[in-house]
1. With each pseudo-label sitting 7 Å past Cα toward Cβ, what's the T47-V27 distance in nm, one decimal?
2. What does the extension gain come out to for E20 and H37, with contour length at 0.36 nm per residue minus their alpha carbon separation?
Amino acid sequence: MSDGKRCSGSIPYGYNRLPEDKQTLVVDPVASQVVKHIFELAAEGLTPPAIARQLTEEKVLIPSAYTLQYHPEQCNRKAEKGQACVMSLPGTTI
């Protein structure tokens, strides 16, 4: 960490690792649009549960399902079968 390298193996949603350099993250053009959409919905005043409902209605893949489908080499967790588009927040139901 003192040398400025990432200390987490997890890749934040909206980013990908470069195949030749696992320390460097680059913007994922598709997932980053979802992130922007979430911020727009929040700026409109929607609550986190309302945003989760909206994304579910829009059939947006949850981050683990998106990674599994489009970047399986980066997936360290399997999306639950049948729940690929059901957004939720810890401790909430939608």
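No lab work stands behind these numbers, since they all come straight from the coordinates. Computed from a prediction, not measured in an experiment: that's the story for all the values here. All Cβ positions, glycine included, derive from the backbone under ideal geometry; neighbour counts span all protein chains shown.
1. Each label point is offset 7 Å from its Cα along the Cβ direction, giving 3.2 nm.
2. On the way: separation 17, 0.36 × 17 = 6.12 nm, distance 2.99 nm.
Contour length minus the Cα-Cα distance gives 3.1 nm.
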